[in-house]
Amino acid sequence: MANLENIRHSLAHLLAYAVQKLYPGVKLGIGPTIENGFYYDFDLPKSITPADLPKIEDLMRQLIKKNLKFEKKLISAKEAKEIFKDQPYKLELIAELVKNDNEKVSIYQTENFIDLCKGPHINSTKEIDPNAFQLTKIAGAYWRGSEKNKMLTRIYGVAFQNKNELTNYLQKLEEAEKRDHRWLGQKLELFLIDEEVGAGLPLWMPKGEILRRIIENYLYQELSQEGYQWLRTPHIGNVNLWKTSGHWELYRENMYSPIKIDEEEYLLKPMNCPFHVKIFKSKLRSYKELPIKFAEFGTVYRYEKSGVLHGLTRVRGFTQDDAHIFCTPEQLAKEVEKLLRHGLNILKTFGFKNFDIYLSTRPEKYAGTEKIWKKAMNCLEFVLKKLKLNYAIDPGGGVFYGPKIDIK
Ligand SMILES: [Zn+2]
Ligand SMILES: [Zn+2]
């Protein structure tokens, strides 16, 4: 049986060939494989819609049935530039691949279709089951992913070894779509994302707020039982606070522009920590009082690129069940252990049974000394080992003020 990756990549070539036949004058971008399938980017002479996909698919099937060969050739960059003289995107790629015109580049030819390509491919289209692939969708994609470049049309496809596998995959996809929280949220009237309000800023509707309240009440009880005291802090703070905390210097790319109030600058909070620290420091504390644990349902705002926003899972404003524990160095390991056990139990209550656990180490930009970072790392590692939890290292994945145990 042919390698599935090679089948998928070969289908990308056939997609480009079919599009070239149907839309003469099309300029070709690139066509790699992706999870479960492939895509190809096109600069089309006219715009297309999903209704055009079956026609392209049919032509691809006809091509498959012709038992066409995938033939690799090494040619000079000079020859390649001649072959692709009407393909500006390919010319751009060739120019980057070689230093001079005598250098060789690799092309693949299938009947009258030629693509600049390293391969590998299948030998012949007869290795493809014509009923085991489907073109799935069309999307806009900037050439080379940069918004400075032209927006191309990306056609996606999925492909498998046989029809059965394809059917299974499409069924699973359909099931997943029915459970897509964005769709459910709208249908059940839980939350609303409205363009005029702003991207990544969900509005909680009456039924959604009931769910939230139930979850918050549960967490309120859980944390109260563990000795946390509850706080509530403002959504903005003076820029000087964020300078003291290090956020201004080390976390600014995740924060929004300052707001001017009476000649002073204020920032939306990306975290609650500086406020909690202020409350801790507001009076003299005795060692005997430690650990002191503060908790807050704190709504924070962090900058996310508009392209990565996704339902409730990537947003620009969200509420954390946040907490800070103030303790002595001697109490640290014990407190981390309690916190970790508690956190895992809460996740299990919500039905999350399988976790990936990461120990995230020091990022490039950080506050504090190397020595204290090492101490903190050792402590987290000690607790993970003590609880016999499997974990992977996430190098540089920590926050600027400390390493993390991440449970995903
Ligand atoms: Zn190829
Ligand atoms: Zn914090």
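When Leu166, Leu135 are checked against the criterion of being in a helix (DSSP H, G or I), more than 16 Å from ligand 2 (Cβ to nearest atom) and either surrounded by 12 or more Cβ atoms within 10 Å (Cβ to Cβ) or without any contact (Cβ under 8 Å) to a residue 24 or more places away in the chain (or both), Leu166 stands alone in meeting it. Just one of the numbered conditions (1) open to solvent by less than 20 Å² (accessible area, probe 1.4 Å); (2) under 19 Å from Ile122 (Cα atoms) is not true of Lys90: (2). Per the conditions (1) more than 16 Å from ligand 2 (Cβ to nearest atom); (2) within 22 Å of Ile236 (Cα to Cα); (3) in a loop (DSSP other than H, G, I, E, B), the sole criterion not satisfied by Pro270 is (1). Among the residues of region 7-44, the ones that are open to solvent by 10 Å² or more (accessible area, probe 1.4 Å) and in a strand (DSSP E or B) come to 5 in all.
Tell me the residue from Phe160, Phe84 that is touching a residue at least 12 places away in the same chain (Cβ under 8 Å), within 16 Å of ligand 1 (Cβ to nearest atom) and not β-branched (Val, Ile, Thr), please. Before you say what the answer is, go through the steps one by one.
Working: Phe160 fails: within 16 Å of ligand 1 (Cβ to nearest atom).
One residue alone meets the criteria, Phe84.
Each row is one residue, and each column tells you yes or no for (1) within 12 Å of ligand 1 (Cβ to nearest atom); (2) under 32 Å from the mean Cα position of the chain (by Cα); (3) modelled with pLDDT of 95 or more; (4) on the phi < 0 side of the Ramachandran plot.
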{"residue": "Glu92", "(1), (2), (3), (4)": "no, yes, yes, yes"}
{"residue": "Glu96", "(1), (2), (3), (4)": "no, yes, no, yes"}
{"residue": "Asp115", "(1), (2), (3), (4)": "yes, yes, yes, yes"}
{"residue": "Ser124", "(1), (2), (3), (4)": "no, no, yes, yes"}
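Okay, residues lined up against (1) β-branched (Val, Ile, Thr); (2) in a helix (DSSP H, G or I):
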position: Val336; (1), (2): yes, yes
position: Leu339; (1), (2): no, yes
position: Asn345; (1), (2): no, yes
position: Lys353; (1), (2): no, no
position: Tyr366; (1), (2): no, no
position: Lys375; (1), (2): no, yes
position: Val383; (1), (2): yes, yes
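Scanning region 169-191 for residues that are touching a helix residue (DSSP H, G or I) at 6+ places or on another chain (Cβ under 9 Å) and either assigned to a helix (DSSP H, G or I) or surrounded by 14 or more Cβ atoms within 10 Å (Cβ to Cβ) (or both) yields Glu177, Lys178, Trp183, Leu184, Gly185, Leu190, Phe191.
Only one of these is small (Gly, Ala, Ser), more than 16 Å from ligand 2 (Cβ to nearest atom) and free of Cβ contacts under 8 Å to residues at least 24 places away in the same chain: Gly37, Gly25, Gly31. Name it. Working first, answer last.
Numbers: Gly37 fails: free of Cβ contacts under 8 Å to residues at least 24 places away in the same chain; Gly31 fails: free of Cβ contacts under 8 Å to residues at least 24 places away in the same chain.
Criteria check complete, one pass: Gly25.
Does Ser47 count as at negative phi and assigned to a loop (DSSP other than H, G, I, E, B)? Considered against the rule, which asks whether it is at negative phi and assigned to a loop (DSSP other than H, G, I, E, B), Ser47 comes out as yes.
The values are calculated or read from the model by the stated rules, or taken from the named source; none is laboratory data. All of these numbers come straight from a predicted model, not from anything done at the bench. All Cβ positions, glycine included, derive from the backbone under ideal geometry; neighbour counts span all protein chains shown. What goes into the accessible areas is simple: the full protein's heavy atoms, side chains included, and nothing from ligands, DNA or RNA. Shrake-Rupley method; radii C 1.70, N 1.55, O 1.52, S 1.80 Å.
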